[in-house]
Amino acid sequence: SGKKHPFPWFGLDIGGTLVKLIYFEPLSLSPDEEKEEKDSLKSIRKYLTSNIAYGSTGVRDTRLELKNVTFQGYTGNLHFIRFPSEEMDKFVTMAKEKQFATLIDLFHATGGGAFKFEQKFLTEIGINLNKLDELDCVIKGIHFVQHKCGLNGHFECFSISNPLSDGPIEKAPFDFRDPYPYMVANIGSGVSIMLVRSQEDYARVSGTSLGGGTFLGLCCLLTGCETYDEAIDLATKGDSTKVDKLVSDIYGEGGYAKFGLPGNVVASSFGKMNSEEDRKSATKEDLAKATLVTLTNNIGSLVFSCAQREGVERVVFAGNFLRINPISMRLLSYAMDFWSQGSQKALFLEHEGYFGAVGALLDNYY
Ligand code: ADP
């Protein structure tokens, strides 16, 4: 609309698993603006910027904070906050207590929850939701962070230069100035795959319900773990070849040479688990790792075929499935490179699952 909305500026993405909240903390208020700043606004700013945890499950990702971002004539810091979608009721209570409605009458929100919670926002807080499409927001968010911010002088976008080594991942910066055409694979609870032809032109070309939510759900069922962090921790210590049947388990060490399938490729995910003996020797760490590898490989192979069909060389992976998850990042990097014989590149973004919320924030001044 070209018109600035009153502070506070938020972008909210209410997903199937996590709520992502971006808060723009203005640093360059004029003396007049500071004088006029209402107590309720001050209290919101203080609450958000002086804490790194909110309640028992809300987290501010301080590592991702973007400093001195300018837009619409203001300089400020972008704060990245997340909490489980199950806790939306507590967020609503907080917004009520902090009197959000005395400051703004509109909250810019995306994700399925923008629809699900619209009525609740209106009746309990007295705020309307400006409902925005989640994929529009993700694409806008990616472009905004790439072009306007960068990670405080670091590169937002990177590829992995040592996908096969065991040490920490090495990030090779990727220059995103002219990335078109490229694909985005957004791996949240489910997966959406978009083809981006230009800043204004994109289409959702594929997707799958076998996503991050599937990994977490199956992992909880199979190992008894209760959180994503725990699931990743288990997977890090596990060996998926105790669970999966490899080409070499079927063909012997030589693999399936005629069709170029080396012995270490998975022939059948979880294929060993029909054997009682193998079941006995598989630990929960092994099961967690196999679940992670299964979901990652399935997403990787879908993304690879989409990219091949569309003739695209660059695929950007986003979504919180990649949070604290170098195992999947390595696998995706390696798989894209292997299956495309080096012609496709897997790219990653530091702000992983936050782009939808950034896209929603942009509506405060567009
Ligand atoms: P959505 O918008 O569908 O909630 P996200 O991009 O936020 O999607 O990704 C959600 C997925 O990220 C989960 O399914 C899980 O695999 C992973 N994840 C990463 N961190 C967490 C966390 N703290 N809690 C739950 N899931 C997490």
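The values are calculated or read from the model by the stated rules, or taken from the named source; none is laboratory data. No experiment lies behind these values; they were computed from the predicted model shown. Please note: Cβ atoms are built from the backbone with ideal geometry, for glycine as well, and neighbour counts cover all protein chains shown. Heads up: the accessible areas ignore ligands, DNA and RNA and are worked out on the full protein's heavy atoms, side chains in. Shrake-Rupley method; radii C 1.70, N 1.55, O 1.52, S 1.80 Å.
Between ALA203 and GLU36, the contour length at 0.36 nm per residue exceeds the alpha carbon distance by 55.7 nm. For ARG60, neighbours were defined as the other residues whose beta-carbon sits under 12 Å from its Cβ, and their charges (Lys and Arg +1, Asp and Glu -1) total 0. Nonpolar atom fraction for the stretch 1-125, defined as the carbon and sulfur part of the 1.4 Å probe accessible area, stands at 51 percent.
With the biggest extent put first, the Cα atoms of the stretch 1-130 measure 40, 32, 28 Å across the principal axes.
The slack between GLU86 and ASN128, meaning 0.36 nm per residue of separation minus the straight C-alpha distance, is 13.1 nm. What does the C-alpha gyration tensor say about the overall shape of the stretch 59-107? Classify as rounded when a/c is under 1.5, otherwise prolate if a/b is larger than b/c, or oblate. Verdict is oblate for the stretch 59-107. Paramagnetic label reach from GLN308 (point 7 Å along Cα→Cβ; backbone nitrogen cut-off under 13 Å): within the stretch 253-283, residues 260-261. Net charge in the neighbourhood of SER206 (other residues with Cβ under 13 Å of its Cβ; Lys, Arg +1, Asp, Glu -1) is +1.
DSSP finds beta bridges in the chain, and of those with both partners inside it, around 75 percent are antiparallel. The GluC sites (Glu not before Pro) found in the stretch 166-253 that occupy coil by DSSP, while having at most 12 further C-beta atoms within 10 Å, are GLU170, GLU200, GLU226, GLU253. For the stretch 230-333, the calculated P(r) over all alpha carbon pairs, in 10 Å bins from 0 to the bin holding the longest distance, is 14, 39, 34, 12, 1 percent.
Taking the 0 to 90 degree range and rounding to the nearest ten, how far is the long axis of helix 228-237 tilted relative to the main principal axis of the chain, both from C-alpha atoms? Helix 228-237 sits at roughly 30 degrees to that axis.
Listed cross-link partners LYS67/LYS90; LYS90/LYS237; LYS67/LYS237; LYS42/LYS148; LYS35/LYS140; LYS35/LYS67 are compared with a 32 Å cut-off, the Cα-Cα value being larger for LYS90/LYS237; LYS67/LYS237; LYS35/LYS140. Solvent-accessible area per residue for the chain at a 1.4 Å probe radius, Å²? Counting only protein heavy atoms, the per-residue value for the chain is 46 Å². The share of accessible area on the stretch 222-366 that comes from carbon and sulfur is 49 percent, using a 1.4 angstrom probe.
Model label points for SER301 and SER161, set 7 angstrom from Cα along the Cα-to-Cβ axis, are 3.2 nm apart. Dividing the mean sequence gap of close Cα pairs (under 8 Å, 6+ apart) by how many residues the stretch 251-366 holds gives a relative contact order of 20 percent. Considered as an equivalent ellipsoid built on the Cα gyration tensor, the chain has semi-axes of 40, 23, 17 Å, the largest given first. For ASN264 and ALA172, a Förster radius of 30 Å and the Cβ-Cβ distance give a FRET efficiency of 0.75, rounded to the nearest 0.05. For the chain, the relative contact order is 21 percent, taking Cα pairs closer than 8 Å that sit 6 or more residues apart in sequence and dividing their mean separation by the residue count. Between LYS237 and ARG63, what's the calculated FRET efficiency when r is the beta-carbon distance and R0 is 22 Å? Round to 0.05. Once rounded, the FRET efficiency stands at 0.40.
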